[in-house]
Amino acid sequence: MKGGLGKLVRSENNLFQLTIITVCTFALMCWLLPGTFLTVRNFRSMSFQFPELGILSIAMMLAMLTGGIDLSLVGIANLASILVALSFVKLMPPGSSSGVVIAFMAGAVLLAILAGSLCGLLNGFLISKFNVPPILATLGSMQLYTGIAIVITKGAAVIGFPPQYSVIGNGSVGIFSIPLIIFISLLAVFAVLLRKTNYGINLYLIGANMKAAIFAGIKTDKALMISYMVGGCLAGLAGLVMSSRTNGAKADYGTSYILQSILVSVLGGVKPSGGSGNVAGILIAVLALQFLSSGFSMLRFSNFAKEFVWGCFLLAIMIINYFTSERNKT
């Protein structure tokens, strides 16, 4: 493989093979389910489903670029969505005018962003200042955030959103769903942030070689804290989309998203050891996973079978990436 395509494949690791996997997955589902999968209705339905996983996957990528991981993302998303739900249920007067509702919705967005950022900042503080391994720090904070959410709600779902709130998760602008617009906008922002700013470049350097980054004068503690804080902010936004789409908030919603966001990140070319990955890979990987998920649902696979397939898929991709890396070294 020569020329521009060869350079693209080498520079973006497995982006080319990921595209082939996605195209093959799409073709297989179209062949198995031509009357249900290959329809405008199904594609429109998918455009409402995968953006929340995509947003969480971007957050997971930020942690993994530094050689870490964030297991608390779903816990942060659920806690943020519960706080937003309670702000509507407890604070907004019944029968409020549209202006009041819109003001509360704007406040809800800010509340979700603030709550997610603070949760992520705690993760970053534990990792950067106390040198707690990321997997242990975020595992502990996951339990903390989920526990707080359960105590607040006593394990029950919080419902009672105003009808206007559902626009975030179920609305459309023309043929494009609002969740999809949010996801694509975030992809564009982080494509620029990671490739065109010192902060993004520093994340890659930290993940590639922490000691070299320190000797190069990079403030690694600050970069790590910001990385996990931004990841928490994204989780808060994902919580908004999830609660709006389902018209409810619960402490244990979307528990499988952690495994799936890790799978999307690894499948998209993010190295678990850090230093490699991009948003283009995240986009293609989340589409591949959505095609599989929609196909499984139409084929009436049980949720237990889906979890089994996701786990096997993750292990297979990691093994393939390992042998590909070893072959490239030789």
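The table that follows gives values for the structure above.
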read-out: Ellipticity estimate at 222 nm from DSSP helix runs (n ≥ 4, -39,500 (n - 2.57)) divided over the chain, nearest 500; value: -25000 deg cm²/dmol
read-out: Unit charges at the beta carbon, dipole of the chain: most positive-side option, F104, V309, L62; value: L62
read-out: Under the span-like rule (Cα at least 18 Å along the axis, Kyte-Doolittle mean at least -0.5), DSSP H helices of the chain; value: 15-32, 40-65, 73-86, 98-129, 134-153, 178-196, 220-246, 279-298, 303-329
read-out: Amide H within-cut-off set for G274, under 5 Å, with H built and near neighbours excluded; value: G67
read-out: Ranked V40, V264, V23, criterion: other C-beta atoms within 10 Å, fewest first; value: V40, V23, V264
read-out: Filtered chymotrypsin sites (Phe, Trp or Tyr not before Pro), the range 264-330: DSSP coil and at most 16 other beta carbons within 10 Å; value: F301
read-out: Fluctuation leader among S273, S265, S177 - the chain, Gaussian network, Cα springs under 10 angstrom; value: S273
read-out: The range 184-330: relative contact order in percent, alpha carbon pairs under 8 Å with at least 6 residues between; value: 22
read-out: For the range 106-137 versus the range 281-297, the gap between their alpha-carbon centres in whole angstrom; value: 28
read-out: Length-normalised contact order for the chain - Cα pairs under 8 Å, 6+ apart - percent; value: 34
read-out: Residue order, fewest to most surrounding Cβ atoms within 10 angstrom, among I178, I82, I102; value: I102, I178, I82
read-out: Nearest-20 debye value, the chain charge dipole, Cβ charges on Lys, Arg, Asp, Glu; value: 480
read-out: Equivalent ellipsoid, the range 121-221 (semi-axes from 5 times Cα gyration tensor eigenvalues, Å); value: 34, 26, 8
read-out: Label-to-label distance, nm, for residues given as I159 and I20 (7 Å Cα→Cβ offset); value: 4.9
read-out: Long-range amide H partners of S172 with built H, under 5 Å; value: I178
read-out: Exposure proxy ranking, count of Cβ atoms within 10 Å, fewest first, for I284, I319, I21; value: I319, I21, I284
read-out: Gaussian network model of the chain, Cα within-10 Å springs - most flexible of A216, A208, A108; value: A216
read-out: Largest to smallest principal axis extent of the C-alpha atoms in the chain, angstrom; value: 68, 55, 35
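Coordinate-derived values only; no laboratory data. Since we're looking at a predicted model, the values are computed, not measured. Every residue, glycine among them, receives a Cβ derived from its backbone with ideal geometry; neighbour counts consider all protein chains shown.
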